[in-house]
Amino acid sequence: TGAGKSILLAKLEDTKAEYVRYLRSICDTCSMYDHLSSAQNYVLQFKKIVNAINSYSSIIEKLGDDERDALIFLEDSIMIYNPDDPSDYQDTMNLSAHYSDFILKEFDIGLFKRVLSSVIKTLKTKKIIEDSLKKYAKPGKDILEERFREVKARYMRYLKIICNVFNVEDIKSNLLKSSDYSSQFEGVAISINLYKSVLERLDANDKKALDYLEKCITRANPDDSDDYEITIQTKQNYNLLILEANDISKLKLLLSGIVATLNTKKTIEAALKEYTEIGKNALEQKLQDIETEYKRHLKNICDVSTVDEMKDDLLSDSDYTHQFSIIATSIASYKSVLERLDVDYREALDYLEKCITKSNPDDSNEHKITTQMTRNYDLLMLDANNDISKFKPVLLGIVETLKAKEKAKDVLKEYTESGKDFLEQQLQEIEAEYMKSLKNLCNASSLMVMRASLLRSSSYSFRFDSIVNSIAFDNSILERLGDNDKKALNYLEKCITRSNPDDPDDHEITIQVKRNYDLLMLDANNDIDKFKLVLLGIVETLKAKEKAKDALQWDTKLGKDVLEERFQDAETEYMKHLKSICNVSTIDEMKSKLLNNADHSSQFDSIVKSIAFYNSILERLGDNDKKALNYLEKCITRSKPDDSNEHKITTQMTRNYDLLMLDANNDIDKFKLVLLGIVETLKAKKKAKNALREYTKPGKDILEQRLKDVEAKYKKYLKGICNALYFNEMYNNLLRKTDNSSQFKRILGAIKFYSLSYHNFV
């Protein structure tokens, strides 16, 4: 657990890796057995590491705690390397070998302690600084800690350089003469004391101001590549500002602008905390924007070439009290406006605020737009305070729109018939469109333009009224339809109004079919009987679908996966078909296609017939045949989700499997011959698996992996056989090419051979 552990571990890992590479090289040949018999013995290399560990332990026992700590620090310094530079790792490993010689070479322990004495002295100074920084909780802590880290990093790099020499004597000589870095750490201690001395003479407000200034100028912006260099300069100036603060009254004067600003900011924050009315989001955004601007301003003040220039700028240009005080005026104006508005106008104002102050995080330009809109909203509120009678007409369009929206929501809540999903989606789209419209109206270049736009174009009530009218109209149609017609209409709506997010073109198609669906409903009002005929194909298809679904629910025998997949494919295909029918340019064309081409009941009827066929076949098969059939089914019906082409292949194989089952009904004995190869293979697989379960000697992992590989290959082979373009091709392949039992028998032979070899070896 002492010094040298990381070096010894690295040496062990390198030796292990070298041995593994050697073994792999001799096993990757035809004469592997001969090579293993005469293989190089690596015992010596590992024994050398054991001896090194013992030597390290012997030396470390003779050292005191300080010397051990120094040795560990020295080792850590040597082992640091750049992970992005492969050559640096190799140089470090070479250096670690020299370092090991330095530790293990026999020489006087007293001399060894003297060699480490300067490192010990430096580490003691370093520890004093660390403890002092740990307790230090005043402004400037970040800068002092960073300076400490820089000195430590420089010292570790320096130790690595002086140890990177050709022989042990030079390492000893360099450490003896040149490893004392205590003066550099003492420089940090001097800075800490100077900081403390300055801060002891400042009052609480001055300290807060100094702390605020530090945070503003020492935090780099990761999104700005130039800001890192700026931050280095501002940190240097801040450090000099503290260290050169001989005249404390002058420093207080320099901080007075920040002190006044922070006191005003605190008053505003308290006032905003108590403010719970409409406009709070806008006011909070305004406060954030002013503070962000102030922090940037302070950083710019400090980004100068000399500390004297920085002092002049802090003295003349660090007071932002006026900018923060403006918010207090805004709060008073907001309250005055709200006192003179009734409930409807307040709700409209609240809605407008929420629309324009919530930015889209996915849009990089949105924050800039939101800032502009928030500024316009604030100006609108301040202007309203001067003349409330002119302000109400500006909000009137929003008031009327919100009333229409609420009415639409209430009516839709009570509506439980077909088309509800479509109408709810329409309501959401209209509201999203309205909110976007309000944002566009408020994203104006001036208050005058924004007011004029809201006055002229903020009413959207007619769009929400259209939903109420649609519900009344749909109800009049649905009252004249039977239950099956309603189900068919509901199914049609779901098929054609849901977009596929993975298809970029589907959104445009969905807009067109929704338009056609609306026109279909309008047309239905003219002739309800003709409308029922249009829905008849869907009615018949849904009846057949329900029968197939019920039949599948009760079927628990082999082939269920295939039939369920066939059912899902049939429904997916039907839903696509309906959407395709409705994606036409005219309502007459859509009606004609629904009338003549919407009945897919035969697809689902065939599944019911297949279930009966499957059950008839299974009753005539033995247990081994059933297992083989089940294995084949699982091989071909489980597709890989990561492979985009796999579903298409699986659909083809499932179709072939279904044809195979239908053909089996004609000649069950011939069908058993088709399964025979799989039956024999599964028997051999079972024997190999059982033998492997009982096998407990070396090589089990290899044999288990071999069994997995053989089975995976067999499953892939069966899929390949069934992925045939023609049924006859698949049938002939299953009849002649599915017996893979020899592969599993070979594993069984390998298990016996491994057991015998191990017995002979022992």
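Brief remarks follow.
- Options LEU287, LEU262; residue that is modelled with pLDDT under 95 and among the hydrophobic types (A, V, I, L, M, F, W, C): LEU287
- Criterion violated by LYS405 - all others in (1) crowded, with 19+ Cβ neighbours inside 10 Å; (2) among the basic types (Lys, Arg); (3) at pLDDT below 85 satisfied: (3)
- Of the candidates ILE477, ILE496, the single residue that is of a type in the set (Val, Ile, Thr) and farther than 30 Å from GLU400 by Cα is ILE496.
- Among the residues listed as GLU680, GLU704, the single one being in contact (Cβ under 8 Å) with a residue 12 or more places away in the chain, acidic (Asp, Glu) and surrounded by fewer than 16 Cβ atoms within 10 Å (Cβ to Cβ): GLU704
- Boolean, SER610 is modelled with pLDDT of 90 or more, among the small types (Gly, Ala, Ser) and surrounded by 13 or more Cβ atoms within 10 Å (Cβ to Cβ): no
- Filter result for TYR714 (assigned by the TED database to the domain that holds LYS670, hydroxyl-bearing (Ser, Thr, Tyr), modelled with pLDDT under 85 and closer than 18 Å to LYS689 by Cβ): no
- Near pairs, Cβ below 6 angstrom, 6+ apart or cross-chain, from region 206-225 (in the same structural domain as THR261 (by the TED database)) to any residue that is of a type in the set (Phe, Trp, Tyr): ILE217/TYR238; ALA220/TYR228
- Selected residue (criterion: modelled with the lowest pLDDT) from residues of region 89-112 that are among the acidic types (Asp, Glu) and surrounded by fewer than 13 Cβ atoms within 10 Å (Cβ to Cβ): GLU106
- Here LYS545 qualifies as surrounded by 19 or more Cβ atoms within 10 Å (Cβ to Cβ), in the same structural domain as LYS579 (by the TED database) and basic (Lys, Arg).
- Test: residue in region 181-189 that is over 27 Å from THR264 (Cβ atoms), of a type in the set (Ser, Thr, Tyr), touching a residue at least 12 places away in the same chain (Cβ under 8 Å) and in the same structural domain as ASP101 (by the TED database): yes
- Selected residue (only one of LYS576, LYS545, LYS591 is modelled with pLDDT of 90 or more, in contact with a Phe, Trp or Tyr (Cβ under 6 Å, 6 or more places away or on another chain) and not hydrophobic (A, V, I, L, M, F, W, C)): LYS545
- VAL584 over 36 Å from the mean Cα position of the chain (by Cα), touching a residue at least 60 places away in the same chain (Cβ under 8 Å) and in a helix (DSSP H, G or I): no
- The numbered conditions (1) outside the structural domain of HIS577 (by the TED database); (2) surrounded by 19 or more Cβ atoms within 10 Å (Cβ to Cβ) are all true for TYR491 except (1).
- Flag for ILE129 being buried (at least 18 other Cβ atoms within 10 Å of the Cβ) and not hydroxyl-bearing (Ser, Thr, Tyr): yes
- Taken over region 468-527, the residue count meeting the criterion of being acidic (Asp, Glu), at pLDDT 85 or above and within 16 Å of GLN426 (Cβ to Cβ) is 1.
- Taking region 553-595 as the range and being among the aromatic types (Phe, Trp, Tyr) and closer than 24 Å to ASP505 by Cβ as the test, only TYR574 passes.
- Scanning region 412-446 for residues that are of a type outside the set (Gly, Ala, Ser), buried (at least 17 other Cβ atoms within 10 Å of the Cβ) and over 36 Å from the mean Cα position of the chain (by Cα) turns up LEU412, TYR415.
- Note on region 473-569: enclosed helices (runs of 4 or more DSSP H) holding 2 or more residues that are within 29 Å of THR637 (Cβ to Cβ) and touching a residue at least 60 places away in the same chain (Cβ under 8 Å) are 483-497, 528-554.
- Every condition in (1) buried (at least 20 other Cβ atoms within 10 Å of the Cβ); (2) at pLDDT below 90; (3) farther than 22 Å from THR654 by Cβ is met by PHE753 except one, and the failing one is (1).
- Considered as a group, the residues in region 114-165 that are in contact (Cβ under 8 Å) with a residue 24 or more places away in the chain and in a loop (DSSP other than H, G, I, E, B) include one that is farthest from ASP66 (Cα to Cα), and that residue is PRO139.
- Pick from region 87-113, criterion in a helix (DSSP H, G or I) and among the charged types (D, E, K, R), ranking: farthest from ASN239 (Cα to Cα): ASP101
- Listed here are the helices (runs of 4 or more DSSP H) enclosed by region 205-309 that have at least 2 residues being in contact with a Lys or Arg (Cβ under 8 Å, 6 or more places away or on another chain) and within 29 Å of THR329 (Cα to Cα): 248-274, 280-302.
The values are calculated or read from the model by the stated rules, or taken from the named source; none is laboratory data. Source: prediction; values computed, not measured. No Cβ is skipped: glycine too gets one built from the backbone with ideal geometry, and neighbour counts run over all protein chains shown.
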